[in-house]
Amino acid sequence: MSFKEKIKGIGGNASYEAKARVLREQLEAKIPAGLKLPPAILEDPPLDITRIPEMCGLLTVQELVITELDATAVCQKIAAGELTAVEAVTAFGKRAAIAHQLTACLTDFFLDEGIKQAQQLDEYLQKEGKVIGPLHGLPISVKSHYPLKGTVGCGGFLMNTETSTEDCDMTSILRSLGAVFYVKTNQPQSVMHLESKSSCGRVLNPHNTNLTAGGSSGGESALVAMKGSCIGLGTDIGGSIRCPSAHCGIYGIRPSSRTTPIRGLLWYQHGQDGVFASSGPMCRSGRDMRLFLEAVLGANPSLRDPDVLPIPLKVPHLTQKKLRVGIMMHDGVVMPHPPTIRALNLVKEKLEASSEVEVVDYIPYDHDRGYNIIRELYYEDGGATVRRILEESGEEMHPLTEWVISPPHVKNHDAAQIWKLRDQRDDYRREYSDHWWSQNVDVVVCPPFQGTASRHDTAKYWGYTAIWNLLDYPGAIFPTGLVADPAVDIYQELPSPMSAADEYNISLYDAAIFKGAPVSLQTVSRRFNDGLVLAAQDVIERILQS
C-alpha cells in the first residue's frame, strides 16, 4: 500500500466528498508554505518517521531543543525567563505542521492565534514579574471534539463538524491557567474506535506507519510522539487515552470519571450515562500527568459544573510501607501478543528483585462478563443514532463503526431493559470491588491492549482498557522502553485460543509486521486512587529503569 493510500480519509457520496474535500483543503491551506515537506519525502517515507522532523531542515537548532522538552520543563523555563511562550508555541507549532503531513494527526491549525496568545502572556510576565497560572505559556494540543473558540471541532462525523463559538469547560479552564492553543487533533468516525480515521485522513503510527496510532485520541498520540506537542488533551470512555498513548510510546492517564470536566464536548449521544467518559492528558513524562491534574483540579472545576466531583488529587509518599503490586499477565479472554508478554515478564522480574515492592499474581475477575456489559452500555439505542447520522449525511460507515454498533453486544433497549442493564453493571462493580480487596493489592500492572499497536482496521477487542471504564478505576500508561523485535517476539508454538476474540487476535500476529512498535504497560488502582496510580507508576518505572 502506498503512503497516500495509507493516509487517505473516509469516503462517501458526492455531497459528502465535496464537503470533506473543502475541510481538507482548508486545513492544507493553513500549513505555511515554508513548512511544507519536499515531495520526495512524502512519496516514499520510511516506516519509522519519527526522525524526519529533525532531519528535514525546516526547524532551527533552538526549535529542535525546545521540542525535546516535556511540559513540566517548558513551564519551568518560561517561569524562570529562560524561554518565552512565543518561542515555545512557535517551535511546537512548526513541528506539528511537519508531523501532520506525515501522520494526518491534525484537524485544525491556528499557530498565528497561538502566537498572539503567547505574546500576551510574555507581556504579562515581563510587566507583572509572575506567571498567570501554573501552565503559563504551555502549548497544549486539543482533541477535535473539545470546543475551542474560533476553531474547527467535530463530534464524530462530518455532519456535526463546526466552528466553535466558545470554549468548553476544560479548554476555558486551561486557558485561564495560562495554556496556549495552536492545533486541534484527529479522531475517528463516531469517536468510538481504537483507530483514528476521519474525513481528514487516517492517523498513522510514527514508529511504524503500517500500524495504527490508536483511538479515539489517535491524533494526539501521533502528534506527541512526533514531538509536535509536549502535552495534549484526550478523552477516554473505553481506552481512548490509554490505547493510543500505549501504541505510540507516550504517557497518558484516564482519571476517575467526573473528577475532570467534560461538559460541552461535541457529541451525538448527550444524556447517555451508562458509562461516563473521562478527560485527561497525553504527554511525554510521568510528571507531566501530575502537572496537568494538579493544575486542572486546583482550578476547582466543580464550581463550574455540578456534575464534577470536588475530589482533590492526593499523591501519597510511598515510603512507610511496601507497595503491593499485582501483575495481571492476561484477562482470561485474550492472550497478549509476545512483545507484551516479554514486557510483563521483565517488569515482574525487576519488581520481584526490589526491596521496595511486594509482587503478587493478580487474578482477573470474570472480565468477559464485564466487557459484554460495557459494550451493551455504549449504544443502548442499538446504534440507531449513528446509522441515522450516516444515512442523512452520505458519509460511508467505517468497518470499525459497523463493528462497534452491531450485535451481539449492541441492541435497542426499552426503559425496563435499560434499568436491568444498569443493575447488571452495578452488581458487577460490587462483585469486582470485593474481588479486588480479596487480592490485597494497591495497584495492578497489566496490558493496555492485546499487543502493541495493531494493524489498521483490526482493533476489535477493547477488554484491557474498557473493563476499567466499567469499574471506573483510574489507569495510566507508561512506556517500558522495549520495542517489538521479530528476532525474539515469536510464538514458539501456536497457543490454544481462550475465546473467539483470542483466536482472532492470534491470527493477526506476524512478528515482522510489528517491528519497532513501542511496548507499553498500564497501572490501575481503585476508583479515586488517581494519586496512588501516579505515585506507584513512578516507583515502578524507576525500578524498571535501574
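The values are calculated or read from the model by the stated rules, or taken from the named source; none is laboratory data. Treat the numbers as computed from the prediction; the structure is a model and nothing was measured. Ideal geometry is used to build each Cβ from the backbone, glycine not excepted, and the neighbour counts take in all protein chains shown. What goes into the accessible areas is simple: the full protein's heavy atoms, side chains included, and nothing from ligands, DNA or RNA. Shrake-Rupley method; radii C 1.70, N 1.55, O 1.52, S 1.80 Å.
Within region 498-515, the set of residues being within 20 Å of Pro408 (Cα to Cα) and not in a helix (DSSP H, G or I) comprises Met498, Ser499. Looking across region 280-331 at every residue that is modelled with pLDDT under 95 and of a type in the set (Lys, Arg), the one that is farthest from the chain's Cα centre (by Cα) is identified as Lys321.
Taking residues in region 466-482 that are assigned to a strand (DSSP E or B), and partners anywhere that are open to solvent by 10 Å² or more (accessible area, probe 1.4 Å) and modelled with pLDDT under 95, not one pair has Cβ atoms closer than 7 Å while being at least 6 places apart or on different chains.
With respect to (1) farther than 20 Å from Gly234 by Cβ; (2) among the hydroxyl-bearing types (Ser, Thr, Tyr); (3) assigned to a helix (DSSP H, G or I), the lone exception for Thr165 is condition (3).
Might you check whether a residue that is within 13 Å of Val180 (Cβ to Cβ), open to solvent by less than 30 Å² (accessible area, probe 1.4 Å) and small (Gly, Ala, Ser) occurs anywhere in region 140-158? Within region 140-158, one or more residues are within 13 Å of Val180 (Cβ to Cβ), open to solvent by less than 30 Å² (accessible area, probe 1.4 Å) and small (Gly, Ala, Ser).
The listed residues are Leu47, Leu42, and the only one of them that is part of a loop (DSSP other than H, G, I, E, B), at pLDDT 95 or above and open to solvent by 30 Å² or more (accessible area, probe 1.4 Å) turns out to be Leu47.
Of all residues in region 168-197, those being in a loop (DSSP other than H, G, I, E, B) and in contact with a Ser or Thr (Cβ under 7 Å, 6 or more places away or on another chain) number 7. Scanning region 169-177 turns up no residue that is open to solvent by 10 Å² or more (accessible area, probe 1.4 Å), closer than 12 Å to Thr107 by Cβ and not aliphatic (A, V, I, L, M). Under 19 Å from Thr185 (Cα atoms), in contact with a Ser or Thr (Cβ under 9 Å, 6 or more places away or on another chain) and open to solvent by 10 Å² or more (accessible area, probe 1.4 Å): which single residue out of Ile241, Ile237, Ile253, Ile311 fits that description? Selected residue: Ile237, the only one of Ile241, Ile237, Ile253, Ile311 that is under 19 Å from Thr185 (Cα atoms), in contact with a Ser or Thr (Cβ under 9 Å, 6 or more places away or on another chain) and open to solvent by 10 Å² or more (accessible area, probe 1.4 Å). No other residue among Leu297, Leu293 is open to solvent by 10 Å² or more (accessible area, probe 1.4 Å) and under 30 Å from Leu69 (Cβ atoms) apart from Leu297. Exactly one residue out of Leu521, Leu544, Leu534 is touching a residue at least 60 places away in the same chain (Cβ under 8 Å), crowded, with 16+ Cβ neighbours inside 10 Å and outside any helix (DSSP H, G or I): that is Leu521.
With a requirement of 3 or more residues that are more than 30 Å from Glu17 (Cβ to Cβ), the helices (runs of 4 or more DSSP H) lying completely within region 313-421 that satisfy it span 338-352, 367-378. Every test in (1) open to solvent by 70 Å² or more (accessible area, probe 1.4 Å); (2) modelled with pLDDT of 95 or more; (3) farther than 19 Å from Thr212 by Cβ is passed by Ser499 save one, and that test is (1). Scanning region 378-433 for residues that are open to solvent by 70 Å² or more (accessible area, probe 1.4 Å) and more than 22 Å from Trp468 (Cα to Cα) yields Arg387, Arg388, Glu391, Glu392, Glu396, Pro399, Glu402, Pro407, Lys411, Asn412, Asp414, Gln417. Does region 428-444 contain at least one residue that is in a loop (DSSP other than H, G, I, E, B), farther than 30 Å from Ala225 by Cβ, touching a strand residue (DSSP E or B) at 6+ places or on another chain (Cβ under 8 Å) and hydrophobic (A, V, I, L, M, F, W, C)? Within region 428-444, one or more residues are in a loop (DSSP other than H, G, I, E, B), farther than 30 Å from Ala225 by Cβ, touching a strand residue (DSSP E or B) at 6+ places or on another chain (Cβ under 8 Å) and hydrophobic (A, V, I, L, M, F, W, C). Those helices (runs of 4 or more DSSP H) of region 62-133 in which 2 or more residues are farther than 20 Å from Ala33 by Cβ and open to solvent by 50 Å² or more (accessible area, probe 1.4 Å) occupy 71-79, 111-128. Being closer than 30 Å to Ser2 by Cα, in contact (Cβ under 8 Å) with a residue 40 or more places away in the chain and open to solvent by 10 Å² or more (accessible area, probe 1.4 Å): is that true of Asp368 here? Criteria not met by Asp368. Filtering Ile341, Ile327, Ile373 for residues that are surrounded by 17 or more Cβ atoms within 10 Å (Cβ to Cβ), out of contact with any Gly (no Cβ under 8 Å at 6 or more places or on another chain) and without any contact (Cβ under 8 Å) to a residue 24 or more places away in the chain leaves a single hit, Ile341.
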